[in-house]
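Each remark here refers to the structure printed beneath this line.
We did not get these values from a lab; they are worked out from the coordinates using the rules stated. As the structure is a computational prediction, the values presented were derived from the model and not from experiment. Cβ: placed from backbone, ideal geometry, glycine included. Neighbour counts: every protein chain shown.
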């Protein structure tokens, strides 16, 4: 080997890209004045392709492998530069490496709520977000449409464009699917597959990109709709409202007994709740004390008793009622109604103290006197 051959061998370039990141999509090989020597070694690793660009024209593309650059494996570049019988001198060309592996864990979401016409709730606003992966499938289209002259292109630089395309495709797909808002969660996988295909149709030929995987993580309703659903679910869990009220009344009795002075009566609620509890308890006791032989088997229950006189009372400056005479008797027994309590019933001229109403005067004679003062 001569001296010049030895020197020429020492100047052979090695063109390669060792990618230490997980987000780089395109990387341009740095060359001083873009000079590449004859016989340079090109190393393209798995998950990469290399593209030669000469004076703004896309030339040859290399798949993974090890190449010695000659005019035989640079046919397009040879045509552009007019190499008819090979080349011996350095040439200028840009070399772009494009990552063809999947870039994962990318996020998408709807920047603004999507108006959706639902069969159950009417027009509502929906938000959605999810994940997707990105892969370059056409390096030349990617360089032409998105890269330009950038030396490094990260996935984050084009995710804004992709998120806009995904959000638009999601709104279009959801409008055509016409799925009830409450059933969307059971169709996440089907909707994710449809959304991926719809987005791929818009980016594969135009940008040289593909979406290998896409997932819809959540589709959420407005906060006010979620609260209404929670209320509706709570009512469904309660079931029998009458039995639930009895349970509430039973819980309120110990509280009223523990605070007789400033309890329920002082707040203006004791009379109504006490009367309602009395009526509920009376009905329960009456049903429990009916002997088995009192009602023939198979016979219809007796009709309710006729409505008696209805009374209105004033407590703490508030009008309450109407109440039956039995309920007033319960109020007198619990000392919530005194002879000075003003009452009124239909046909009566104005409010009168309960002790001055003949129909109620007898209720106070049966009330035991209060306990004597402590010595």
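Observations
- For segment 12-99: relative contact order, % (alpha-carbon pairs under 8 angstrom, 6 or more apart): 39 percent
- If R0 is taken as 22 Å, the Cβ-Cβ distance between residue 140 and residue 105 corresponds to a FRET efficiency of 0.25.
- Segment residue 117-residue 204, length gained on full extension (0.36 nm per residue, minus Cα span): 28.2 nm
- For segment 103-227, alpha-carbon Rg over 2.2 N^0.38 Å: 1.16
- Gain in span if fully extended, residue 171 to residue 79, counting 0.36 nm per residue against the direct Cα distance: 28.3 nm
- Segment residue 157-residue 193, length gained on full extension (0.36 nm per residue, minus Cα span): 10.5 nm
- From least to most packed, judged by other beta carbons within 10 angstrom and beginning with the fewest, 157, 336 follow the order 157, 336.
- Theoretical FRET efficiency, 1/(1+(r/R0)^6), r = Cβ-Cβ of residue 70 and residue 149, R0 30 Å, to 0.05: 0.65
- By the count of other C-beta atoms within 10 Å, a proxy for reagent exposure, 145, 224 are ordered fewest to most as 224, 145.
- Point-to-point label distance, residue 220-residue 365, nm (Cα→Cβ direction, 7 Å offset): 7.1 nm
- Cβ-derived FRET efficiency at R0 45 Å, residue 127 paired with residue 310, nearest 0.05: 0.25
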